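Visitor: There's a structure below that I have some questions on.
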Amino acid sequence: MNNLKVRSKIILVYILCVLMPLTVTLLVAVDYILRAAHEEEQRNLQGIQDTVSYYITSAIDSAEVVTNDVFVNGYILNFLEREHEDARSFYREYYALKNKMLYLSNQNIVSNITFYSDNPTMYSGGIYQRIDSIRETDWYQELIRSENRFLVYAYYDSNFRQMRKVSVIRLLNGAGEKNLEKIVKVDLNYSAVNLFLKNASAETKVCLCVGDKIVFSNVDELADVGVDYRNISELSGEQYSLEGSFISHGTSFDFLIQRNQLSYFSHIRGGLWPIAVLLLADVLVPAVALSFFSKSITERSMILAQYMKMANGDELYLIPEAKGNDEIGELLLNYNDMVSRMKNLIEVEYKNRIEQQELLIAKQQAELMALHSQVTPHFLFNILENIRMRSLIKGENETSEIVAKLAKLMRKSAEWGEDLITVRKEKEFVRDYLELQKYRYGDAFKYNLLVEEECLEYMIPSLVMVTFIENAYVHGFKGGGFLGTIFVSVTKSEDSLKMEIGDTGIGMKPEQVNMLNHMMQEASISELQQAKSSLGLLNASIRLKKYFGAEVKILIESEWMAGTCITVTIPLKDAVYGDDSMR
């Protein structure tokens, strides 16, 4: 949390404490309303199922009552079994009996009653039919297979007025005096049942099925009495689902219902505007309030941060508008108080610090001059001694050339007003120095000087390389009693300038090498003042570190009776180029 800005924290608080609880509350409320709507719809669907199942069962019960009345009605049974003399006597008795049967079909649920008999003296017509005319029908075959001689059957009658029928059929065998096959078929009022289904189910689409056949429906295209029944498979493109079933007189009826998904949202549509207004208020009011709080905090915090960044420079500024009595306002006032005190301290102590800095610079310059002065007399003394000895031994004028070189070196030394010189000038000085040594020792002494062209303009302390070379011949050759070769190279890599001074002299033992490397790492003015040996190496190390920092590396490697190599590595980021254009 400490890494987040104040504005981000306020936005996070707004999300966690306002938006998220509000969203969760809204989702819970909507879920509760939709659950209640779903439960209400389930109750409505259950009510539709109960009403329709009760109505269908009552209709079939009414039709069964009619068949029971026929079963015990002696007039009808005698008519179906009687041998009729001719057509005239048959129709005279037919109309007389028809008037007595009007009470059977006087109910709204029964649309037609038909009697079938195996009596050969009967004539087919009206409500009386010979069984021979129906033996091939599906419903007759189903009735014969029925164990209880009672059947509820839905079929499409393509022979008689081409219409759908739902009939209650009963086998009357065993009734009457003669053992003739007799059947009564009671047709339900198909349109009345569909009309009741439409009134009972309101806007919900309901289909009442027997097996795969859609028998009743409140959908007009599925309840057309003049068209054959449709199968459930024809509803594959519509979202119908099985919602329940019931059994009436051995026949199973299934409910297929299409749910109206939009009805869920109709329950919350009335309260949508109040919910939207409350939601908008709950979102906007905290947002506006937090925006003002955020502005009050962040604006002043940014002003304070801006002035503190300005304080990183050389100037300190007072905040002109330090407003507020809260914690931010106190912080602004404390900042102004701190700036005022710092300005006073700077004004009082500035001159003292300048003077101390000047003294420190003068001290460092004096130390550099003292180091430089320690090198030059020692060098000149050795050269003059060499000239004197050579003159005594040879007794010739050859010494004039050596004196000339010495004069040249002395003039260069006099012209160098600064301690830093280019590698090019140091190279010339080194070459003259090595020539003087070669003059002194003759062919027994050799040297190899290699300086890369791109290194010539870099600046190094004067006489540093000569100091390392002098150490090589004094301790490597003179101390060992034999001469050899000195190798000098200056190269440049990707990130450093490297100077290497090696010799083929007597070398050093490991303990002496470790002591010298430690001395190079810890070199200081106080160490130089107390040292009794290796003054030149200490001198060179101190001067290199003063100019190029502690990252300068001086490494001494040596092998006894094989030689010594001194490597100086200067990081290019700290190196100074001759024209000051490259560091």
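Visitor: Give the residue that is farthest from GLU81 (Cα to Cα), with candidates limited to residues of the stretch 124-139 that are touching a Phe, Trp or Tyr at 6+ places or on another chain (Cβ under 8 Å) and either surrounded by 15 or more Cβ atoms within 10 Å (Cβ to Cβ) or of a type in the set (Lys, Arg) (or both).
Guide: TRP139
Visitor: Oh, and also: So which residues in the stretch 175-198 are within 56 Å of the chain's Cα centre (by Cα) and open to solvent by 20 Å² or more (accessible area, probe 1.4 Å), if there are any at all? I'd like the intermediate steps shown before the answer.
Guide: Taking the stretch 175-198 first, the residues within 56 Å of the chain's Cα centre (by Cα) are 197-198.
Within the stretch 175-198, LYS198 is the sole residue that qualifies.
Visitor: Looking only at the stretch 474-519, count how many residues are closer than 23 Å to ARG424 by Cβ and hydroxyl-bearing (Ser, Thr, Tyr).
Guide: Of all residues in the stretch 474-519, those closer than 23 Å to ARG424 by Cβ come to 486-502.
Of the ones still in play, those that are also hydroxyl-bearing (Ser, Thr, Tyr) are 489, 491, 493, 496.
Number of matching residues: 4.
Visitor: Going by the conditions given, is ILE113 hydrophobic (A, V, I, L, M, F, W, C) and open to solvent by 60 Å² or more (accessible area, probe 1.4 Å)?
Guide: Details: hydrophobic (A, V, I, L, M, F, W, C): yes; open to solvent by 60 Å² or more (accessible area, probe 1.4 Å): no.
So ILE113 fails the test.
Visitor: On the given criteria, is GLY476 of a type in the set (Gly, Ala, Ser), assigned to a helix (DSSP H, G or I) and more than 25 Å from GLN512 (Cβ to Cβ)? Lay out the reasoning, then the answer.
Guide: Values: of a type in the set (Gly, Ala, Ser): yes; assigned to a helix (DSSP H, G or I): yes; more than 25 Å from GLN512 (Cβ to Cβ): no.
So GLY476 does not fit the description; no.
Visitor: Then there is this: Among what's in the stretch 457-479 and is under 60 Å from the mean Cα position of the chain (by Cα) and open to solvent by 10 Å² or more (accessible area, probe 1.4 Å), pick the residue that is farthest from THR567 (Cα to Cα). Give the derivation first.
Guide: The first filter runs over the stretch 457-479 and keeps only residues under 60 Å from the mean Cα position of the chain (by Cα), leaving 457-461.
Subsequent filtering for residues that are open to solvent by 10 Å² or more (accessible area, probe 1.4 Å) retains 457, 459.
Details: GLU457: 20, MET459: 17 Å.
Here the answer is GLU457.
The rows are residues; the columns are (1) at pLDDT 85 or above; (2) touching a His at 6+ places or on another chain (Cβ under 8 Å); (3) surrounded by fewer than 13 Cβ atoms within 10 Å (Cβ to Cβ).
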{"site": "ASN2", "(1), (2), (3)": "no, no, yes"}
{"site": "ILE11", "(1), (2), (3)": "no, no, no"}
{"site": "TYR14", "(1), (2), (3)": "no, no, no"}
{"site": "LEU19", "(1), (2), (3)": "no, no, no"}
{"site": "VAL28", "(1), (2), (3)": "no, no, yes"}
{"site": "GLU39", "(1), (2), (3)": "no, no, yes"}
{"site": "VAL52", "(1), (2), (3)": "yes, no, no"}
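Rundown of residues vs (1) surrounded by 15 or more Cβ atoms within 10 Å (Cβ to Cβ); (2) under 30 Å from ARG259 (Cβ atoms), yes/no style:
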residue: GLN141; (1), (2): no, no
residue: TYR153; (1), (2): yes, no
residue: ASN159; (1), (2): no, no
residue: LEU172; (1), (2): yes, no
residue: ALA200; (1), (2): yes, yes
residue: PHE216; (1), (2): yes, yes
residue: VAL219; (1), (2): yes, yes
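Visitor: Let me ask something else about it. With out of contact with any Cys (no Cβ under 6 Å at 6 or more places or on another chain) and closer than 19 Å to LEU537 by Cα as the only criterion, which of LYS509, LYS438 stands out?
Guide: Checking each option against the conditions leaves just LYS509.
Visitor: With the condition being under 17 Å from TYR155 (Cα atoms), I'd like the strands (runs of 3 or more DSSP E) fully within the stretch 191-255 carrying at least 2 qualifying residues.
Guide: Values: elements: 205-210, 213-217, 240-248.
It comes to 205-210, 213-217.
Visitor: Restricting the first residue to the stretch 59-79 and requiring it to be within 13 Å of VAL186 (Cα to Cα), which pairs with a second residue that is part of a helix (DSSP H, G or I) and open to solvent by less than 30 Å² (accessible area, probe 1.4 Å) meet a Cβ separation below 7 Å and a spacing of at least six or different chains?
Guide: ALA59/VAL193; VAL66/LEU104; ASP69/LEU104; VAL70/ILE76
Visitor: Name, by its number, the condition in (1) in contact with a Ser or Thr (Cβ under 7 Å, 6 or more places away or on another chain); (2) free of Cβ contacts under 8 Å to residues at least 60 places away in the same chain that does not hold for GLU457.
Guide: (2)
Visitor: Name the one entry in SER493, SER526 that is surrounded by fewer than 18 Cβ atoms within 10 Å (Cβ to Cβ) and at pLDDT below 85. Lay out the reasoning, then the answer.
Guide: Numbers: SER493 fails: at pLDDT below 85.
After ruling out the rest, the residue left standing is SER526.
Visitor: Residues in the stretch 195-207: is at least one of a type in the set (A, V, I, L, M) and under 20 Å from VAL66 (Cβ atoms)?
Guide: So in the stretch 195-207, the residues of a type in the set (A, V, I, L, M) come out as 195, 197, 200, 202, 206.
With under 20 Å from VAL66 (Cβ atoms) added as a condition, the list becomes none.
No, there is no match, as no residue in the stretch 195-207 is of a type in the set (A, V, I, L, M) and under 20 Å from VAL66 (Cβ atoms).
The values are calculated or read from the model by the stated rules, or taken from the named source; none is laboratory data. Just so you know, these numbers come straight off a predicted model, no measurement behind them. Backbone-built Cβ (ideal geometry, glycine too); neighbour counts: all protein chains shown. In case anyone asks, the SASA skips ligands and DNA or RNA and just uses the protein heavy atoms, side chains included. Shrake-Rupley method; radii C 1.70, N 1.55, O 1.52, S 1.80 Å.
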